[in-house]
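Nothing in this text is a laboratory measurement; each read-out follows from the coordinates by a stated rule. Model, not experiment: these values are computed from the prediction. When we count neighbours, we look across all protein chains shown, and the Cβ atoms used for this are built from the backbone with ideal geometry, even at glycine.
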Amino acid sequence: MKTIYTEKAPAAVGPYSQAVVINGLVYTSGQIALNPSTGELVGTTIEEQAEQVMKNLVAILEAAGTKPENAVKTLCFLTDINDFVAFNTVYARYFTKKPARSCVGIQSLPKGAICEVEVIATV
């Protein structure tokens, strides 16, 4: 197993890795809309936060030697399921190959984030 770390994505805020690679797959930890340089939450709208989440995921996937086009599964969390359509608009620009996906509404996320996404991709 190989642990992935890049300064182009936020450092983990707990006892976990940004991602791990094993058996030809990368498993990212869930990413929220944190600025990698400051660790502060970016944006207040679903579009702003989703954009930062996707940038963080791209950085991690690239550090692992892959890209969003190689995603096989994503798991998305929204604190307001009514943001589903707006979230999808941003998501669709990054995950153009349409991996399998789950998207669930939840009560809350760390640091007051309104969306979080994790990815499984081939390397």
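For the reader, a short list of remarks on this structure follows.
- Taken over region 1-36, the criterion of being surrounded by 14 or more Cβ atoms within 10 Å (Cβ to Cβ) and small (Gly, Ala, Ser) is satisfied by Ala9, Ser17, Ala19, Ser29, Gly30, Ala33.
- Scanning region 19-40 for residues being under 17 Å from Leu109 (Cβ atoms) and touching a residue at least 40 places away in the same chain (Cβ under 8 Å) gives a total of 7.
- Breaking point among (1) closer than 23 Å to Val123 by Cα; (2) under 13 Å from the mean Cα position of the chain (by Cα), for Ala33: (1)
- Counting only residues that are of a type in the set (S, T, N, Q) and surrounded by fewer than 22 Cβ atoms within 10 Å (Cβ to Cβ), region 37-57 holds 4 of them.
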